[in-house]
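K.L.:
I have a structure I would like to understand better, so I am pasting it below and will then ask my questions one at a time.
Computed from the coordinates by the stated procedures, all read-outs in this text should not be read as laboratory data. Small disclaimer: the values here were computed from a predicted structure and weren't measured. Quick reminder, even Gly has a Cβ in these numbers, built from the backbone with ideal geometry, and neighbours come from all protein chains shown.
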Amino acid sequence: MDILGHMGILLGASWASGMNLYLTVSALGLAHRMEWVSLPGDLSIISHPAVIIVAGVLFLIEFFADKIPLVDSAWDSVHTVIRPIAGATLGYMLMGDAALVLRIFGALLAGCIAMDSHLTKATARAVINTSPEPVSNSVASVTEDVSVVGVLYLIMKHPVVATIVVALLILFSLWFLRRMFKFAKRIINSSFCRKKLTAQTTIPIRS
């Protein structure tokens, strides 16, 4: 596989693992086993039947948990550590044939991309969970799963396109997270100002 193919798998798998780690691992492992794609480096280890089965079971659990308001946010909170570390591990294994410095670079890059997509997912879900109706939550979950499947398909069939798509998704997520940070900052400042104003206007009762 050429360098562009490697880059497509590295970026695509990293982004997808931040969105849905278990779907990414099980799908890529199965694809390698069915010879739909040739995973480079040591990444072929995820095609082991035991890895595919465990990842598939965890994906089924996440599939249902991810569609329940507040449960999805709790699940995302737990995976704030798991997804980036797993993404970094995938990046390290993918660069298995390269020098150690390149393997470390691949791990850091993959971990950062996985963290970026995870934070985007978790932040969007936190905003959606402020709505009382549960439909938008399920729609968001299905949309995320479809986007992961789409990126994985591009990895296998059009790795160059996958690289471009993931780059655009990263740019969008950086914009989105920046907007959410500013929004949260305004909410906190507004709440602080209201409390301060209330404290200043409160008339103490003398005995």
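K.L.:
Just the projected area, averaged over all directions, of the convex hull on the alpha carbon atoms of region 3-201: how many nm²?
P.N.:
For region 3-201, averaging the hull's shadow over all directions gives 12.7 nm².
K.L.:
Further question: Given labels modelled 7 Å from the Cα in the Cβ direction, how far is it in nm from Tyr153 to Thr130?
P.N.:
With each label point 7 Å from Cα toward Cβ, the separation is 3.4 nm.
K.L.:
Can you divide the C-alpha Rg of region 84-184 by 2.2 N^0.38 Å and report the result to two decimal places?
P.N.:
1.23
K.L.:
Using just the C-alpha positions of region 1-60 as equal point scatterers, what log10 of I(q)/I(0) does the Debye formula give at each q in 0.12, 0.14, 0.19, 0.27 1/Å?
P.N.:
The calculated log intensity ratios at q = 0.12, 0.14, 0.19, 0.27 Å⁻¹ are -0.26, -0.35, -0.64, -1.17.
K.L.:
Ok, one more. In percent, what relative contact order does the chain have, based on Cα pairs under 8 Å that are 6 or more apart in sequence? Could the numbers behind the result be given before it?
P.N.:
Numbers: 252 pairs, mean separation 60.4, N = 207.
The value is 29 percent.
K.L.:
What is the gain in length, in nm to one decimal, between Leu4 and Ile45 on full extension, counting 0.36 nm per residue of separation less the C-alpha to C-alpha distance?
P.N.:
Result: 12.6 nm gained on full extension.
K.L.:
Kindly put Met180, Met34 in sequence by how many other C-beta atoms sit within 10 Å of each C-beta, fewest to most. The partial results should precede the final answer.
P.N.:
Numbers: Met180 16, Met34 9.
Ascending number of Cβ neighbours within 10 Å: Met34, Met180.
K.L.:
Expressed as a whole number of Å, what is the distance separating the alpha-carbon centroids of region 4-31 and region 101-138?
P.N.:
Comparing the Cα centres of region 101-138 and region 4-31, I get a distance of 14 Å.
K.L.:
Still on this structure, I have one more. With angles folded into 0 to 90 degrees, how steeply does helix 3-19 sit against the dominant principal axis of the chain? Use alpha carbons for both and round to 10.
P.N.:
40
K.L.:
Please arrange Arg83, Arg125, Arg33, Arg179 by how many other C-beta atoms lie within 10 Å of their C-beta, fewest to most.
P.N.:
Fewest to most other Cβ atoms nearby, the residues stand as Arg179, Arg33, Arg125, Arg83.
K.L.:
Right, here's the next one. For helix 49-65, report the angle its Cα long axis makes with the longest principal axis of the Cα atoms of the chain; keep it between 0 and 90° and round to the nearest 10°.
P.N.:
Result, in degrees: 30.
K.L.:
Determine, from the Cβ-Cβ distance of Ile82 and Val146 and an R0 of 25 Å, the FRET efficiency 1/(1 + (r/R0)^6), rounded to the nearest 0.05.
P.N.:
0.70
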